[in-house]
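Below: one structure, written as C-alpha cells.
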Amino acid sequence: MKRHPISRIVLRNKVRSAFALILSVTIFIFVLASVVIGLLTTPSSITPERGSRVFMLFTVNSNLVAAAGAICVLPYAVDGLRNRWHRIPKWVDRLLYCGTLSVNMTLDFALLILLPRMGNVAVTGMNLGLHVVCPILTIILFLCIENSRILTYVDSLLSLIPYFLYATIYFTMVVALKKWRDIYGLVDRLGPIGAIAAMTFFALSLSAVLRIIHNYLSFKGSKRLSKDLLSIDNLQNHISLSDAIDRLASLYVNSSYEMVVPLDLISEMTHIYKESSFEEAVEEYVESFLKKAKWNV
C-alpha cells in the first residue's frame, strides 16, 4: 500500500531526527574520549603538545567547537523523535557550520601535510578521533540533518570565527611573543604573512564548498518536499489547501505529545496551492489542531 505523502514527509523527519541523535552523541563521546587521551598522554619529541598543552592545538579546539555544535543538536533531535518534525534553530546550524569548517580544515591538513611528515602518529591515539573520525562524522551531520535552510555569504563569514580566533592567538604566541614553537611549520616555510594568506584562502575556499554543498542538498530537499505535496492532489482528487492543512493537523494531533507547527511545510504548501497567505494558513492549522486536540484530551 502506497504511503500518504504527508506520512512520507513525517517519516523522513523522524529518520533525520534519529540520525541526528546518533551522530551528535557519537561525535561528543569521540571528542571527549580523544581529548582525555591527549591529556593523559606523556609529551614526546614528536608530539610535545600533550598533557595540559593539548589545548595549544587547533585540532583539539576545532573538535571542541564541533562537539559543542553536535551536542546542541541533541535536544532538537529528541524533540523531533517525539513530535515527528525535525528542525534546528539557525544559531545551532551556524555553530555546527563553524565546527564543520574547523574540523574539515583539520582533516585536510592532517591527511595532506601531517600524515606525510609524521607518519601513522597523525592518525593514531587521540589523532584517530580528532583528525579522522570526528571530522567525517561532523561533516555528515552538518550536511544531512537540516535540508530546508539556505546558508548565506554572511553565514560563511561567521563560520570563520573559530579559525580567526585561533590564528590570532597562534601568531601572537609564535611570532610576536615566541612562546610557542611553530607547530605546523607554516611560518618557517611561508613567513608570517604568507602563512596567514595561505590558511585564510584555504579556510575561505572550504567554507564556500561546504555552503554550496549544503545549499544544493537543501534545494534538493525542497524539491522532494514539493513533489510529495503536489502528489496529494493526485491521490486525493484535487483537495483544497484547507483540507490538506486539516489532514496535516490531524496527523500531528495523533502523533505528538505537544503542539507542533511545521512552519516550513505550511510555507511550502501555500506556495504550491496559492489559495491563501502563509499567515492565514498558519492560523488555520493552529485552529484545526486545537479543535482536534480538544477531542483527544
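Observations
- Checking Phe30, Phe55 one by one, the residue that is closer than 18 Å to Leu107 by Cα, touching a helix residue (DSSP H, G or I) at 6+ places or on another chain (Cβ under 8 Å) and exposed (fewer than 15 other Cβ atoms within 10 Å of the Cβ) is Phe55 and no other.
- For the range 173-214, a residue qualifies if it is aromatic (Phe, Trp, Tyr) and more than 23 Å from Arg53 (Cα to Cα), and the qualifying residues are Phe201, Phe202.
- Residues satisfying the criterion are absent from the range 171-182 (criterion: polar (S, T, N, Q), more than 18 Å from Val65 (Cα to Cα) and outside any helix (DSSP H, G or I)).
- Only one of the listed residues (Arg87, Arg117) is under 30 Å from Leu263 (Cα atoms) and either open to solvent by 40 Å² or more (accessible area, probe 1.4 Å) or among the polar types (S, T, N, Q) (or both). That residue is Arg87.
- Of the criteria (1) among the aliphatic types (A, V, I, L, M); (2) over 21 Å from Lys14 (Cβ atoms); (3) open to solvent by 20 Å² or more (accessible area, probe 1.4 Å), which one Val60 fails: (3)
- Of all the residues in the range 33-52, those that are open to solvent by 70 Å² or more (accessible area, probe 1.4 Å), β-branched (Val, Ile, Thr) and in a loop (DSSP other than H, G, I, E, B) number 2.
- Residue check for Ile88: assigned to a loop (DSSP other than H, G, I, E, B) and under 18 Å from the mean Cα position of the chain (by Cα): yes
- Qualifying positions in the range 79-113 - in contact (Cβ under 8 Å) with a residue 24 or more places away in the chain and more than 28 Å from Ile150 (Cα to Cα): Ala110, Ile113
- For the range 65-84, the tally of residues that are hydrophobic (A, V, I, L, M, F, W, C) and surrounded by 20 or more Cβ atoms within 10 Å (Cβ to Cβ) stands at 6.
- When each of Glu283, Glu279, Glu275, Glu258 is tested for being open to solvent by 70 Å² or more (accessible area, probe 1.4 Å), of a type outside the set (S, T, N, Q) and modelled with pLDDT under 70, the lone residue that passes is Glu258.
The values are calculated or read from the model by the stated rules, or taken from the named source; none is laboratory data. The model shown is predicted, which means the values in this text are computed figures rather than measured ones. All Cβ positions, even for glycine, are placed from backbone atoms using ideal geometry, and neighbour counts span all protein chains on display. Accessible surface areas use protein heavy atoms only, side chains included; no ligands, DNA or RNA. Shrake-Rupley method; radii C 1.70, N 1.55, O 1.52, S 1.80 Å.
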